[in-house]
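Take a look at the structure below.
The values are calculated or read from the model by the stated rules, or taken from the named source; none is laboratory data. Being a predicted model, the structure only gives us computed values, none of them experimental. As a convention, Cβ positions derive from the backbone with ideal geometry for all residues, glycine included, and neighbour counts pool all protein chains shown. The accessibility values were calculated without ligands, DNA or RNA, using every heavy atom of the protein model including side chains. Shrake-Rupley method; radii C 1.70, N 1.55, O 1.52, S 1.80 Å.
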Amino acid sequence: MLPIQYFGWIIIALALLRLKNKAYLKDKWRLAFSMFTGLYSLGELFAYYNIHNFINFCYLLSAASFLIPFLKFDFDKKLDIEKIGDTALILGVGIIVLTS
């Protein structure tokens with residue numbers, strides 16, 4: 001399995017490319033990154049409070065969230081996807097700040 005740091009460096013590189021308008025992230029990728037942030041930070045929160053039952057499960061789901069862009073979904077309801085992605089991202093950032 002790949003170390004989690006590789007995912008972090010890839011996300012940082014994509015953010016820098018997006019800042020320079022060299023990369024375009026579709027809705028599926030935005031959802032995947034948001035879900036990764038939310039689930040990974042949720043795993044960190046469980047680790048912070050020593051709830052060992054859910055730590056590996058959250059890490060596994062966060063790694064699996066990078067499969068979202070490759071799945072066949074009907075993305076006609078764009079508003080729901082944006083709400084889910086924004087909620088996961090805000091939740092992830094809130095948990096990161098909470099555990100820092």
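Matching the structure-derived Rg and Dmax of the Cα atoms in Å against the labelled list (i) 14.0, 41; (ii) 13.6, 39; (iii) 12.9, 41 gives the label (i). Take every Cα pair under 8 Å whose residues are at least 6 apart in sequence, average their separation, divide by the length of the chain, and the relative contact order is 36 percent.
Per the 1.4 Å probe, what fraction of the accessible area of the chain, in percent, lies on carbon and sulfur atoms? Present the calculation step by step, with values, prior to reporting the outcome.
Working: 5050 of 7450 Å².
With neighbouring chains kept in place, the figure for the chain is 68 percent.
Helix 52-64 versus the longest principal axis of the chain: what is the Cα-based angle in degrees, 0 to 90, to the nearest 10? Tilt of helix 52-64: around 20 degrees.
Between the helical axis of 4-19 and the dominant principal axis of the chain, each derived from Cα atoms, what acute angle in degrees is found, rounded to the nearest 10? Around 30 degrees separate the two axes.
If R0 is taken as 30 Å, the Cβ-Cβ distance between Asn21 and Asn50 corresponds to a FRET efficiency of 0.10.
Between helix 27-48 and the chain, what is the angle of the helix's C-alpha long axis to the longest principal axis, kept within 0 to 90° and rounded to the nearest 10? Between the helix axis and the principal axis of the chain, the angle is about 10 degrees.
Residues Asp80, Asp27 ordered from highest to lowest accessible area at a 1.4 Å probe: Asp80, Asp27.
Look at the dipole of the chain built from charges on Cβ: of Leu16, Thr87, Ser34, the Cα furthest out on the positive end belongs to Leu16.
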